[in-house]
Every structure is written in structure tokens, then in C-alpha cells.
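Below is one structure; the comments refer to it alone.
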Amino acid sequence: MLYDKINKDMMVAMKSHDKDTLSTIRLLKSAIDLQRINNKLDNITDELVIEVASKQVKQHKESILEFRNANRFDLADKLENEIKIISNYLPEQLSKEEIEKEIDRIFDLVKPESKKDMGKIMKEANVSLKGKADFKLVSEIVNSKLGA
């Protein structure tokens, strides 16, 4: 289970005095615990861990853009290192080609007629690509295919 791996990795980081890894794992663990409490869940599933970790990565990427625009490269680099640590708890990310194949499969399933069907496509994509792909990229690919 991913949550157990997080706890083990936190202990290893404590013992090796790796402050950066330790603080990142604690941040992730706190976000997972908060999500569990807010959703009134009895236990922590791998799906919950992936959902929270994905959200953390997305927020970090948005912050990196803001920091780079403000010429705060030190903070951007710190967040990039945190993304590398958090990514250890996510499934392997699909390549653009693999995402396009999956979107083609979804198009065959949904058979969209216009841009109005974007919601149906994204709903299906959320089911099959959740945690495996950056949804900003998924949205761009779907938009380009709908516009063609």
C-alpha cells in the first residue's frame, strides 16, 4: 500500500537526516490525512494517495511558473525537487503518444460530434487516465482533435 511506503520512506528520511525529503513527505502525508478526515473515510486507499499526490504536483507546477515569472529560481528549484519526491508515489506517467492512443479509444467509444461533447470525453478520460497523465495536456489534445 502506498501510504505504508510513505511512512517507511519518512522513517528512512528521519534516520538519514534528509531534511528536504522528510519535509516533503510530511507535507504529502498531512495532505492525505486531511483529505481522509474531510471525506470522513475510515481508511486510506491507494486511490486517495494518488489523488492527493497528483493534486500536490499540479499545485507545485503552477507555483513553479509563478516563481519563475518573479525571478525566484531558488524557490522554483526547491519545488521541482519536491515534485520528484512526490512523483515516487504516483503511477508512471504516460507519454504524449500513449495519451493520444487512449484519447482515440475514448473518441471511438463516445463518438463526439462537436466541442459540446468535451465534457463526455473528459469524464471518460478522467476514469482511464487519472493519476497517469497531466490533464492540461489531455485537455489540449482533446481540444485539438475536436477542432480538427
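Per-residue answers, yes or no, for (1) at pLDDT 95 or above; (2) touching a Leu at 6+ places or on another chain (Cβ under 9 Å); (3) of a type in the set (Gly, Ala, Ser):
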position: Met1; (1), (2), (3): no, no, no
position: Lys8; (1), (2), (3): yes, no, no
position: His17; (1), (2), (3): yes, no, no
position: Arg26; (1), (2), (3): yes, no, no
position: Ile32; (1), (2), (3): yes, yes, no
position: Ala53; (1), (2), (3): no, yes, yes
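When segment 1-47 is examined, which residues are found to be farther than 18 Å from Glu82 by Cβ, surrounded by 16 or more Cβ atoms within 10 Å (Cβ to Cβ) and either in contact with a Cys (Cβ under 8 Å, 6 or more places away or on another chain) or touching a residue at least 24 places away in the same chain (Cβ under 8 Å) (or both)?
Residues satisfying the conditions are Tyr3, Ile44.
Find the residue count for segment 92-122, including only residues that are open to solvent by 100 Å² or more (accessible area, probe 1.4 Å), of a type in the set (D, E, K, R) and more than 15 Å from the chain's Cα centre (by Cα).
We begin by selecting, within segment 92-122, every residue open to solvent by 100 Å² or more (accessible area, probe 1.4 Å); these are 92, 96-97, 101, 105, 108-109, 111, 113, 115-116, 120.
Next, only the ones that are of a type in the set (D, E, K, R) stay: 92, 96-97, 101, 105, 108, 111, 113, 115-116, 120.
From what's left, more than 15 Å from the chain's Cα centre (by Cα): 96-97, 101, 105, 108, 111, 113, 115-116, 120.
The qualifying residues number 10.
Go through segment 17-89 and tell me which helices (runs of 4 or more DSSP H), entirely inside it, have 1 or more residues that are farther than 21 Å from Leu2 by Cβ and under 17 Å from the mean Cα position of the chain (by Cα).
Once the helices (runs of 4 or more DSSP H) in segment 17-89 are filtered for at least 1 residues that are farther than 21 Å from Leu2 by Cβ and under 17 Å from the mean Cα position of the chain (by Cα), what remains is 46-69, 73-86.
What are the pairs with Cβ atoms under 7 angstrom where one residue, in segment 123-148, is under 18 Å from Glu113 (Cα atoms) and surrounded by 11 or more Cβ atoms within 10 Å (Cβ to Cβ) and the other, located anywhere, is of a type in the set (D, E, K, R) and modelled with pLDDT under 85? Sequence gap at least six, or different chains.
From segment 123-148, the pairs are Leu146/Lys115.
The values are calculated or read from the model by the stated rules, or taken from the named source; none is laboratory data. Not measured: the values here are computed from a predicted model. Glycine also receives a Cβ, built like all others from the backbone with ideal geometry; neighbour counts cover every protein chain displayed. The protein model used for the area step is the full one, side chains on, heavy atoms only, and it has no ligands, DNA or RNA in it. Shrake-Rupley method; radii C 1.70, N 1.55, O 1.52, S 1.80 Å.
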